[in-house]
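Taken together, the values in this text are just the output of simple stated rules run on the coordinates, not laboratory data. None of the values given here were measured: they were computed from a predicted structure. In this analysis, Cβ positions are derived from the backbone assuming ideal geometry, glycine residues included, and neighbour counts consider all displayed protein chains.
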Amino acid sequence: MKLKTHSGAKKRIRITGSGKAMFQKSAKRHLLTNKSKKAKSRDKNGIIVSSAHKKRLKKLLPYA
């Protein structure tokens, strides 16, 4: 039987070329005039998912 991929996870997490999982931080879509330049530039390129969450991520994205 085929496993189903979690739709919410596949929209938010991407797999890098080396096999690591990345996601974007929140608070980068609107109300940016109130935020400092430092806050906006921090984590611009996304964050790599920690090794502690690999098992949970494998359940959500079984074919990634």
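Of note:
- Viscosity 1.306 mPa s, temperature 10 °C, Stokes-Einstein D of the chain from Kirkwood C-alpha radius, µm²/s: 117 µm²/s
- Fewest-first ordering of THR33, THR16, THR5 by other beta carbons within 10 Å of each residue's beta carbon gives THR33, THR16, THR5.
- Over the chain, Cα pairs under 8 Å with separation of 6+ residues give a relative contact order of 42 percent.
- For the chain, the Cβ-based charge dipole about the Cα centre amounts to some 100 debye (Lys, Arg positive; Asp, Glu negative; other atoms uncharged).
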